[in-house]
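Following: one structure in structure tokens, then a few remarks.
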Amino acid sequence: MNLKQDKTMDLKTAISTYVKHGCHLSIGGFTINRNPMAAVYEIIRQKIRNIHLYAHSNGQGVDELIGAGCISDLEIAYAGSGKFAPTCIRFRKAVEENLIRVEDYTNYQMTLRFLAGSMGIPFLPTRSSLGTDIVNKWGFSDKMRKSSDKLPDQKLIVMDNPFQGWLDTQKVVLVPAIRTDVTIIHVQRADIRGNCRIQGLTFADVEQAKSAEHLIVTCEEICDNDMLKTDSDQNQIPFIHVDAVVHVPKGAYPTACYHYYDYDPKYLKNYAQKAREDAAYLEYIDTFIHGCRDHADLISMIGDERMAMIAADPETGYAKNLDRR
Amino acid sequence: MYYTLKEMMTLIAAREIKNSDIVFCGTGISMLAAMAAKNINAPESVIFFETGAIDSLLEELPLAVADPRVMYRTSANSGLLDSFAAMQNPITGGHVIGILGAAQIDKFGNLNSTVTGDYHWPEIRFSGSGGGCDVASFVPRSIIFMQHEKRKFVNTLDYMTSPGYLDGPDGRKNAGLPEGGPVMVITNMGVMRFDDKSKLMYLSAFYPGISPKDILAHMQFSVDISRAKEAMPPTEKELRLLREKCDCQRLIL
């Protein structure tokens, strides 16, 4: 816990301070929305390796971290980027070539696992996945689990309802808590102490944030410490959970940030095309990630015209009539 | 009136949706089917996304369940914890109809959306469960979209991601799952349903120009075809509303 009054820092420092080789990491957002992409790109620039990543359905951010070789182990429910990549392309390649180890859960199970971590309890029960291979097939080996003090010995446990049939339930699946070294989320507004206000769907960001040893928040707008104390019923994460606040406008780009900008169909389509072929993909990483000093550099390379096209309409929160074909 | 197979498939799903249904939508054609039902035959049905959006006003077709278009004028914008709890809780979950897709399906409607080949070194890796297994575990009815191909209608799944009827009529009960399961499988050739008693898939309808035998030739396992009838083609009104109100940018169709 960090109670400092000013937690602002630049992104390079935040990533190098908290995201280490071999760390256990989770990132917020969902498929093509509010992924902390500026932070993802900075992790790639800093060439941090052997990360153990936890995600429910983070499409774009997960795929880029895998594609750049930062990930060795992945616990996930879904790797897809909507219509742009129904299965994330570098993820698929990495699994088929056995470059990463994967453990499959469901979206609800991953969410419950983050919630359990945020509550400080070892597991939570659900009725999901009974009788399926989510229960029967385990990705991580026994040896891998037993040799790591950051992993529970079991993927999950099926047990009889200890309250004998209460709520018409005979069996439950217990899923283990996740406790990450660091979680990174991107929000619309944060103050310099770290209070956060998310607009639109929160996905599992709040649970992910609170299950982390350290939390990095990147934000579209940074506010002084008075502003978010008014209408604070609209805040989701109080500052006690936060370690670093980084002001990164367009920090979720090329994914969407509700009421600020839409996802960029052109970027995501180009990405999917480049991701299919190794040489083209290396060229993509060199141009769009290593070729940019920081996120602001990427945004200026994309240019004002494209940014204007994806700017959110104030009424709907997305870019109306955007060409998404 | 000319129509495409995709339009036929979308509208057959839409016709299955009732006014009292909460419709769990995935990406792509399932979202379009939910929008079609809302605009054509079930205006009081509720559109629902696993990301936490409920009763969204979809003025444009979302391209993902986390598309900002699902967040506009909802009854509540919450998160995954709330959406899955609402399906696991039978008070609300009992009204949910799921719409799912998969890479493989077996005769009891169990689905694979994870891998083909060996789990530890797969031939093809797919996206994984997402919320698919959760929905299939919790809700009483679901619709499945599939392409009718031999490698997809298989004797044995390479990986069972989402439960249908598991190994038969008592499968779900024995495993500890709530009652429920798939009610129909909509393909590019016809519509399959599940027998009330045996829970085995059977052919319920074939599209004009396609014979039940053609359909059997596209599956590894055989199904009862004695109950099959020709499917009712889309009406002019259905097609007009689908094209004008649901996907005027032709993003899916």
Checklist entry - Any chance segment A:67-83 includes a residue that's part of a helix (DSSP H, G or I), touching a Leu at 6+ places or on another chain (Cβ under 7 Å) and assigned by TED's automatic domain parsing to the domain that holds residue A:262? => result yes
Checklist entry - Residues A:267, A:260: which one is open to solvent by less than 60 Å² (accessible area, probe 1.4 Å), out of contact with any Phe, Trp or Tyr (no Cβ under 6 Å at 6 or more places or on another chain), under 30 Å from residue A:92 (Cβ atoms) and touching a residue at least 24 places away in the same chain (Cβ under 8 Å)? => result A:267
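Would you confirm whether or not segment B:137-148 contains a residue that is of a type in the set (S, T, N, Q), in contact with a Pro (Cβ under 9 Å, 6 or more places away or on another chain) and either modelled with pLDDT of 95 or more or farther than 21 Å from residue B:13 by Cβ (or both)?
The answer is yes; a qualifying residue exists.
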Checklist entry - Which one of B:37, B:85, B:76 is crowded, with 24+ Cβ neighbours inside 10 Å and without any contact (Cβ under 8 Å) to a residue 60 or more places away in the chain? => result B:37
Checklist entry - out of contact with any Leu (no Cβ under 8 Å at 6 or more places or on another chain) and either among the hydrophobic types (A, V, I, L, M, F, W, C) or more than 8 Å from chain B (Cβ to nearest Cβ) (or both), is that true of residue A:61? => result yes
Item to check | Count of residues meeting criterion [open to solvent by 50 Å² or more (accessible area, probe 1.4 Å) and either touching a residue at least 12 places away in the same chain (Cβ under 8 Å) or more than 14 Å from chain A (Cβ to nearest Cβ) (or both)] in segment B:159-186 | outcome: 3
Checklist outcome for this item: Flagged in segment B:233-252 as of a type outside the set (A, V, I, L, M, F, W, C) and within 14 Å of chain A (Cβ to nearest Cβ), in numbering order, are B:247, B:249, B:250
Checklist outcome for this item: Pairing a residue in segment A:1-25 that is open to solvent by less than 60 Å² (accessible area, probe 1.4 Å) with any residue that is charged (D, E, K, R), where Cβ atoms lie under 6 Å and the two sit 6 or more apart in sequence or on different chains, gives A:2/A:243; A:11/A:42; A:15/A:42; A:23/A:181; A:24/A:150; A:24/A:181
Next on the checklist: Condition check: over 15 Å from the mean Cα position of the chain (by Cα), open to solvent by 40 Å² or more (accessible area, probe 1.4 Å) and either closer than 27 Å to residue A:111 by Cα or in contact (Cβ under 8 Å) with a residue 24 or more places away in the chain (or both). Does residue B:213 satisfy that?
Outcome noted: no
Checklist outcome for this item: Restricting attention to segment B:122-157, the residues that are facing chain A (nearest Cβ under 9 Å) and not β-branched (Val, Ile, Thr) number exactly 16
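For the condition crowded, with 24+ Cβ neighbours inside 10 Å, among the small types (Gly, Ala, Ser) and at pLDDT below 95, what is the one hit in A:59, A:80, A:67, A:117?
Numbers: A:80 fails: at pLDDT below 95; A:67 fails: at pLDDT below 95; A:117 fails: at pLDDT below 95.
Answer to the selection: A:59.
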Item to check | Check on residue B:207, in contact (Cβ under 8 Å) with a residue 40 or more places away in the chain and either buried (at least 22 other Cβ atoms within 10 Å of the Cβ) or within 14 Å of chain A (Cβ to nearest Cβ) (or both) | outcome: no
Checklist entry - From the list A:172, A:158, A:206, which residue is among the β-branched types (Val, Ile, Thr), in the same structural domain as residue A:56 (by TED's automatic domain parsing) and surrounded by 15 or more Cβ atoms within 10 Å (Cβ to Cβ)? => result A:206
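Table: residues versus (1) of a type in the set (Gly, Ala, Ser); (2) part of a loop (DSSP other than H, G, I, E, B); (3) buried (at least 19 other Cβ atoms within 10 Å of the Cβ); (4) modelled with pLDDT under 95.
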site: A:200; (1), (2), (3), (4): yes, yes, yes, no
site: A:220; (1), (2), (3), (4): no, no, yes, no
site: A:271; (1), (2), (3), (4): no, no, yes, no
site: A:279; (1), (2), (3), (4): yes, no, no, no
Checklist outcome for this item: Among the residues of segment B:7-31, the number that are of a type outside the set (Val, Ile, Thr) and modelled with pLDDT under 95 is 6
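Can residue A:213 be described as closer than 23 Å to residue A:294 by Cα, modelled with pLDDT of 95 or more and of a type in the set (Asp, Glu)?
On the way: closer than 23 Å to residue A:294 by Cα: no; modelled with pLDDT of 95 or more: yes; of a type in the set (Asp, Glu): yes.
When the stated conditions are applied, residue A:213 does not pass them.
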Next on the checklist: When you scan segment A:26-35, do you find a residue that is polar (S, T, N, Q), in a loop (DSSP other than H, G, I, E, B) and not assigned by TED's automatic domain parsing to the domain that holds residue A:150, even just one?
Outcome noted: yes
Checklist entry - Across segment B:98-126, what is the number of residues that are within 17 Å of the chain's Cα centre (by Cα) and outside any loop (DSSP other than H, G, I, E, B)? => result 8
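Starting from residues that are free of Cβ contacts under 8 Å to residues at least 60 places away in the same chain and over 13 Å from the mean Cα position of the chain (by Cα), keep the ones in segment B:187-201 and report whichever is farthest from the other protein chains (Cβ to nearest Cβ).
Start the filter on segment B:187-201 by keeping residues that are free of Cβ contacts under 8 Å to residues at least 60 places away in the same chain, which leaves B:189-190, B:192-193, B:195-198.
Keeping just the survivors that are over 13 Å from the mean Cα position of the chain (by Cα) gives B:189-190, B:195-198.
Values: B:189: 21, B:190: 24, B:195: 20, B:196: 21, B:197: 20, B:198: 18 Å.
Out of the qualifying residues, it is B:190.
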Checklist entry - Which residues, taken from segment A:183-195, are part of a strand (DSSP E or B), buried (at least 24 other Cβ atoms within 10 Å of the Cβ) and away from chain B (no Cβ under 14 Å)? => result A:183, A:184, A:190, A:191
Next on the checklist: Being over 24 Å from residue A:203 (Cα atoms), of a type outside the set (A, V, I, L, M, F, W, C) and at the interface with chain B (Cβ under 10 Å from one of its Cβ atoms) narrows it down to one residue among A:132, A:106, A:111, A:126; which is it?
Outcome noted: A:132
Next on the checklist: Kindly evaluate residue B:129 against the criterion of being under 15 Å from the mean Cα position of the chain (by Cα), part of a loop (DSSP other than H, G, I, E, B) and not basic (Lys, Arg).
Outcome noted: yes
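Restricting to segment A:120-139, and then to whatever is surrounded by fewer than 16 Cβ atoms within 10 Å (Cβ to Cβ) and under 23 Å from the mean Cα position of the chain (by Cα), can you tell me which residue is nearest to residue B:112 (Cα to Cα)? Before the answer, list the steps.
If we filter segment A:120-139 for residues that are surrounded by fewer than 16 Cβ atoms within 10 Å (Cβ to Cβ), which is where we start, we get A:120-122, A:136.
With the extra rule that they be under 23 Å from the mean Cα position of the chain (by Cα), the set shrinks to A:120-122.
Details: A:120: 34, A:121: 32, A:122: 30 Å.
Step by step, filter segment A:120-139, then rank; the result is A:122.
The values are calculated or read from the model by the stated rules, or taken from the named source; none is laboratory data. Fair warning: this is a prediction, and the values are worked out from it, not measured in the lab. Reconstructed Cβ throughout: ideal geometry from the backbone, glycine too, with neighbour counts over all protein chains shown. Just the protein is used for accessible areas: all its heavy atoms, side chains included, with ligands, DNA and RNA removed. Shrake-Rupley method; radii C 1.70, N 1.55, O 1.52, S 1.80 Å.
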